[in-house]
Every structure is written in C-alpha cells, then in structure tokens.
Amino acid sequence: MGASEASKVYGVSQGRLSEVFEDFLATTKELIRRHRLTHREYRAAVDFLCAVAEHGELKLLLDVFLEATVDAVDSQGRPGTASSVEGPYYVEGAPLMRSPCTLPHRADEPGARLLFYGTVRDSRGEALAGAMLDVWQADASGAYSHFDIPAEVAPYNLRARVIADERGAFEIRTWMSAPYHIPKDGPTGALLTALGRHPYRPAHLHVKLSHERCLPLTTQLFFEGDPYLDSDVVGAVKAPLVVRLERRDAPDEIARLGCDGPFYALRYDFVLARRAESQADTACAKAGVA
Ligand code: DHB
Ligand code: FE
C-alpha cells in the first residue's frame, strides 16, 4: 500500500477529512449554542439516531435530507444531462443485457407497460456506442426489489445494466412505476410527520450512465403531471428531467412489444460530459474563468 493510500479513510485523504470534519464539529457546536439546546434535546437526538440505525434507515435518512445538496455542488458546471440523486435503493451487479431488452420482471408484473428508449451522446454530439445504462425503479405499487420485494422472490426485479447499440441507441421495455412514499413507519417517517412534511416522491426511473470517454452520470426521470413534482420529499426533481409520456396504441407496435394493449412510451436523449473537457471546465470554474 502506498503512503497516499495508507493515509486515506474510506477513500478520503486525512487532510480533507480533518478540514471538513473539524468544520462539521464547529458548525454543529455553533448550532447547539445558537438554539441553546437542552441536555434532554441532545439525548432525544442521540436516541433518534440510534433508532434510525436500528431500523436500517441511516442511508435513507441522509439521502432524504442531504443528498440533493451534495448532487447540486458536485455537478455544478458539468455539461450534459442534469444529474440527480442515487438514493438508497441502488443495487450493484444487476443483469447485463443488450438493447433492445425487457427488464427482469415477475410473471404477473403489475401496472402499465412502458417503452423507454432514446440515445446516449457525448457533449460534442458524438454517439456513444456501447454506453451502459444501469437502470432501476420501483414497481407499480412503489416497491423496490431487494428492499420491499425480497431478492429471493424476484432477483433484480426491474433492474438491469443495459448496453446501448453501436449508434448509442437504447430500447428498454419495462413497467410504469408509481408515485411512491419513503417508509412511513420507521424513525425517518416519524421525523417527517413531526415536521409536518409528507413522505412522497414523484414516480421516477433511476439511471446511471457510463462510457469510457465520459464522466459517469447518475440521474432520474420524472413524468409530467405527477402530483409530487413540486414537493418531492427528497428535493431531487429538476425541470429538464421531467418528461412527457406518450400513449401508443398502434396494433403493430403493440404486437412487436408483446403488450396486451396500449402502452406508454418515453424518449430521452442523454448527453454525457467528455472527460477531458469537463476537467478543463472544472479547472476554469475553480480559477474563476468564464
Ligand atoms: C430517495 C431516493 C429515491 O430514489 C427513493 O426512491 C427513495 C428515497 C432518497 O434520496 O432518500
Ligand atoms: Fe427511487
């Protein structure tokens, strides 16, 4: 192990860790003073965090309240499709599939069928042949496989790593996901209730895109008309990620997709930031160059 690796903690250098953690402590101490926290309140906060950990909700709690801000800072100045949060329900190692493909599903997968298709290009407009779209989503009742649906019941349900074709085009056949609420019964839900906030997220599809020439992109797509677009509990909606669904009812298309009847279609053309360009952009941004 090299000296620089040895001095890393969870992949973060000790210098950076000290810089940020000391400020975290100073900021938190200042908050305690400003609000004149009582010892009872301090204990309540500690008990709350213990309960969050016991319910396995640490990742959920932090992602709900803080990940959108990390995303905003981390993606600033990056060209291409807008990013959004990963959230707590990503699972590595989903099945590899070549486009066109149907996501892994149950025999009686509920909900309306959805055709998700489009292209992947870089920020100069060049097609990204073989780009990978690591897709995951909740089912029509808002349940995520490996979390709400046990992995043994339906492994990688509605999850796959899809390889785009040589023109960077992809076609993924799946099912609509529903507006969805984060768990209401655990401590995170109790905190939201106490704050007078609802626990809902608009329906969404998650995608992580990657290609060797480009920076990876984690994002989500949302649907026009969803009642929770303006009040996502996670605050992860960005206008360019809200898409219009098209209802398709042409018999030949219905037959081609193997659907029982009309289905929804969603086209999205993704743009990934080229590695070299965006490093130069970031360097310019840091140096204050327009
Ligand atoms: C969060 C993100 C999601 O995509 C989701 O389905 C639930 C929660 C989150 O960021 O907390
Ligand atoms: Fe989600």
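The values are calculated or read from the model by the stated rules, or taken from the named source; none is laboratory data. A quick note: this is a predicted structure, and the numbers were derived from the prediction, not measured. Because the Cβ atoms are built from the backbone with ideal geometry, glycine has one as well, and the counts that use them run over all protein chains shown. Side chains are part of the model used for accessible areas, which takes the heavy atoms of the whole protein and leaves out ligands, DNA and RNA. Shrake-Rupley method; radii C 1.70, N 1.55, O 1.52, S 1.80 Å.
If I filter the range 101-109 for residues that are away from ligand 2 (no atom under 15 Å from the Cβ), out of contact with any His (no Cβ under 8 Å at 6 or more places or on another chain) and on the phi > 0 side of the Ramachandran plot, do I get at least one hit? Within the range 101-109 (the criterion being away from ligand 2 (no atom under 15 Å from the Cβ), out of contact with any His (no Cβ under 8 Å at 6 or more places or on another chain) and on the phi > 0 side of the Ramachandran plot), the answer is no, since none of the residues qualifies. Looking only at the range 199-215, which residues are away from ligand 2 (no atom under 12 Å from the Cβ) and in contact (Cβ under 8 Å) with a residue 60 or more places away in the chain? Within the range 199-215, Lys208, Leu209, Ser210, His211, Arg213, Cys214, Leu215 meet the criteria. Tell me, please, whether a residue that is closer than 30 Å to Glu57 by Cβ, in contact (Cβ under 8 Å) with a residue 40 or more places away in the chain and in contact with a strand residue (DSSP E or B) (Cβ under 8 Å, 6 or more places away or on another chain) can be found in the range 96-104. Within the range 96-104 (the criterion being closer than 30 Å to Glu57 by Cβ, in contact (Cβ under 8 Å) with a residue 40 or more places away in the chain and in contact with a strand residue (DSSP E or B) (Cβ under 8 Å, 6 or more places away or on another chain)), the answer is yes, since at least one residue qualifies. Just to be sure before I move on: is Asp260 away from ligand 2 (no atom under 14 Å from the Cβ) and in a loop (DSSP other than H, G, I, E, B) in the structure I sent? So Asp260 passes the test. When we screen Glu152, Glu86 for residues that are open to solvent by 30 Å² or more (accessible area, probe 1.4 Å), under 30 Å from Ala51 (Cβ atoms) and away from ligand 1 (no atom under 16 Å from the Cβ), the only hit is Glu152. For the range 251-265, does any single residue satisfy the condition of being of a type in the set (Ser, Thr, Tyr) and open to solvent by 50 Å² or more (accessible area, probe 1.4 Å)? Within the range 251-265, one or more residues are of a type in the set (Ser, Thr, Tyr) and open to solvent by 50 Å² or more (accessible area, probe 1.4 Å).
Do we find that Thr218 is within 13 Å of ligand 2 (Cβ to nearest atom) and of a type in the set (S, T, N, Q) in this structure? So Thr218 fits the description; yes.
Taking the criterion of being open to solvent by 40 Å² or more (accessible area, probe 1.4 Å) and closer than 21 Å to Ala140 by Cα, the residues of the range 209-229 that qualify are Glu224, Gly225, Pro227, Tyr228. Picking from residues in the range 37-77 that are part of a helix (DSSP H, G or I) and among the hydroxyl-bearing types (Ser, Thr, Tyr), the one that is farthest from Tyr90 (Cα to Cα) is Tyr42. Within the range 138-190, the set of residues being of a type in the set (A, V, I, L, M, F, W, C) and in a strand (DSSP E or B) comprises Ile149, Ala160, Val162, Ile163, Ala169, Phe170, Ile172, Trp175.
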